[in-house]
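Visitor: Right, I'll just put the structure down here and ask away after.
Any read-out appearing in this document is the output of simple, stated calculations on the displayed coordinates, not a laboratory observation. Treat the numbers as computed from the prediction; the structure is a model and nothing was measured. Don't worry about glycine lacking a Cβ; one is built from the backbone with ideal geometry, like all the others, and counts go over all protein chains shown.
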Amino acid sequence: MKLNLISLTLLASMALAPTAWAHDQVISQSPAPDSTSEAGPIEIKLEFSNDLLEIGSGAEIIVTAPDGSIVPASCARLEGTFATSNTELDQPGSYSVAWRVVSSDGHPIEGSYSFDLVNESGYVNSGSIEPCLIATSSEAEQDSGNYWLLFGSLGLAAVGLFFYLRPRKPRSGN
Ligand SMILES: [Cu+2]
């Protein structure tokens, strides 16, 4: 009887655990997915089910234009359950928003969605947005190049050390 109670408690806690440990969820996104916005300064605002953590490279919000280029957008700001980034859009078409934040349980979570832009007022970007620095693919390649250079020089140093330290054979025939 006592054993049954223990196993029941164990079973119940196992059933409840996944819920307690689940990542936070995005609960609202602005501009809303599949909505249409008018050209101009646009604030991307994402709301989550719990306070976000500000650790490491933390939060990233990347906005991609209809032509596939990355739109200048400010670094993501975290305020409690919100992550926001400011941008300015004048090219009509479909934009995609890709985000990555750190959930309150310490796990990174990510998602993406798209919204449409129309430009009926003839808005022209002022270029006043200070873009957040985003590592481009060429920078990433350069990093890996430096890595191999370092790796290679370490290897050379090891080979040099080996030849320097290796015991010399006494010359035969002396
Ligand atoms: Cu998690």
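Visitor: Quick one: net charge around residue 129, please, counting Lys, Arg +1 and Asp, Glu -1 for every other residue with C-beta under 14 Å from its C-beta. Show your work: numbers first, answer last.
Guide: Working: positive: 77; negative: 43, 88, 90, 130.
That sum, taken over residues with Cβ under 14 Å, equals -3.
Visitor: Cα centroids of the range 93-125 and the range 41-73: how far apart, whole angstrom?
Guide: 6
Visitor: Please compute the net charge surrounding residue 94, taking Lys and Arg as +1 and Asp and Glu as -1 over other residues with Cβ under 12 Å from its Cβ. Intermediate results must be reported in sequence, preceding the final value.
Guide: Working: positive: none; negative: 34, 67, 116.
Within the 12 Å Cβ shell, the charges total -3.
Visitor: Here is a follow-up. Skipping prolines and chain starts, which residues have an amide H placed within reach, meaning under 5 Å, of the one on residue 129, given they are 5 or more residues away or on another chain?
Guide: Under 5 Å from the amide H of residue 129 lies no amide H from a residue far enough along the sequence or on another chain.
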